[in-house]
Amino acid sequence: MSESTTDTRDQYDNKAKHYDTYRTPSPGIATLNPHMTFPPGSAVCDLGCGTGVFIPKLLESKPSAVEANDPSEGMVKQTEERMNKLDTTGVTMTYTTDFVQAMGDEKFDFIFCGQVLQNLTREPEKAAAARLDFLQNCHRVLKPGGKAVITTRYAPPDGRWSDLYWYADPEIIPRAVEKMETMVPRDPLSELAQAGFINCENCTDNDTVVNIDAFCHAENVANPAFRAADSFWQWVDEADLKTRLDSIEKMTADGSIEEYVKARDSKRAGRGHVAILIGHKAA
């Protein structure tokens, strides 16, 4: 595991217990549901399983085996605790921190990967190459005829990633924003095709990753549990976080905070934070 991957793993270990506090339990689920099915008896991988919120949906299609995989031991522990409360009779459950690069060829019929693609490295200049390597490995470990469903943050074709998040203001914390702009794919379908997938689709969803009831409440930014829900904050150092919090405090004091958040959020134009990518491996 590279130093960059280790840093990312440690970030998620540290926030595992708070990860679901402000997240929509299943971002994009209305759009995602029709694609989360596969033939009974399939071998399935939840790649980057996080806290395992999607595994109950995967179990509905009656897989023979589910591998819950995440480089973060803290996240895998949360997943295992969640699964211990469910009936998984007849399903071989495996929990592992060995990521996709260490997996054998043609192992799975179906891969689900939620919100991993933009978090593969701590070095933004290597993000595009890291995404391609990751997608190529996803393709490699699928059996012929298999399917991958991958959700990710994205940059809208007519704007910037930061347009979708009111608090990611490039005028206030430009360094963190510019890093995240590099981390997310601008043309995810092209990246899927380059990795070898066929019949690719991009089903963007108007859902948000951070619970919509909490998303536009400026005071939540001060809460570490709120920030744990959004990988953007891993790019915000202590100095920039202070700048962002000070700006919120100042606007709250002078009464301009509600209009500021409203104006920033209007750039989102109702768009959500979730791109749902679907790719197939040739039979």
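Annotations
- A compact globular protein would have a Cα radius of gyration near 2.2 N^0.38 Å; the ratio found for region 40-121 is 1.01.
- Contact order relative to length of the chain, as percent, for alpha carbon pairs under 8 angstrom and 6 or more apart: 23 percent
- Based on Cα contacts under 8 Å between residues 6+ apart, region 205-283 shows a relative contact order of 57 percent.
- Simple point charges give the picture: +1 on the Cβ of Lys and Arg, -1 on the Cβ of Asp and Glu, and for the chain a dipole about the Cα centre of about 580 debye.
- Helix 257-266 and the longest principal axis of the C-alpha atoms of the chain enclose an angle of approximately 40°.
- Alpha carbon Rg of region 189-283, scaled by the compact-globule rule 2.2 N^0.38 Å: 1.45
- Applying 1/(1 + (r/R0)^6) with R0 = 25 Å to the Cβ-Cβ distance of Thr94 and Thr37 gives a FRET efficiency near 0.75.
- Theoretical FRET efficiency, 1/(1+(r/R0)^6), r = Cβ-Cβ of Thr252 and Asp105, R0 45 Å, to 0.05: 0.25
- Between Ala65 and Arg186, the simple spin-label model (points 7 angstrom out along Cα→Cβ) gives 4.1 nm.
- Which of Ala155, Leu117, Tyr95, positive extreme of dipole for the chain (C-beta unit charges): Tyr95
- For region 159-227, GluC sites (Glu not before Pro) are listed when DSSP marks them as loop and at most 16 other Cβ atoms sit within 10 Å of their Cβ; the list is Glu171.
- Tail weight of P(r) past 27 Å, computed on alpha-carbon pairs of region 125-283, percent: 31 percent
- Within the chain, percent of DSSP bridges classed antiparallel, to nearest 5: 40 percent
- With each label modelled as a point 7 angstrom along the Cα→C-beta vector, the Ala239-Glu171 pair spans 2.2 nm.
- With respect to the chain, whose longest principal axis is taken over its alpha-carbon atoms, helix 3-15 is tilted by about 70°.
- Entry for the chain at q = 0.08, 0.12, 0.15, 0.17 Å⁻¹: log10 I(q)/I(0) = -0.33, -0.74, -1.15, -1.46, Debye formula applied to identical alpha-carbon scatterers, no solvent contribution.
- Judged by the mean number of other Cβ atoms found within 10 Å, the most tightly packed of the peptides 229-237, 92-100, 108-116 leads the ranking 108-116, 229-237, 92-100.
- Ranked from largest, the principal axis spans of the Cα set of region 42-179 equal 54, 33, 26 Å.
- Under a Gaussian network description of the chain, with springs only between Cα atoms under 10 Å, the residue in Asp213, Asp187, Asp265 that fluctuates furthest is Asp213.
- The alpha-carbon of Lys242 sits under 20 angstrom from the alpha-carbons of these lysines, leaving out residues fewer than 8 places away in its chain: Lys15, Lys179, Lys250.
Every read-out reported here was derived from the displayed coordinates using simple, explicitly stated rules and does not represent laboratory data. This one's a predicted model, so the numbers in the text were calculated from it and none came from an experiment. Note that we place each Cβ from the backbone using ideal geometry, even for glycine, and neighbour counts take in every protein chain shown.
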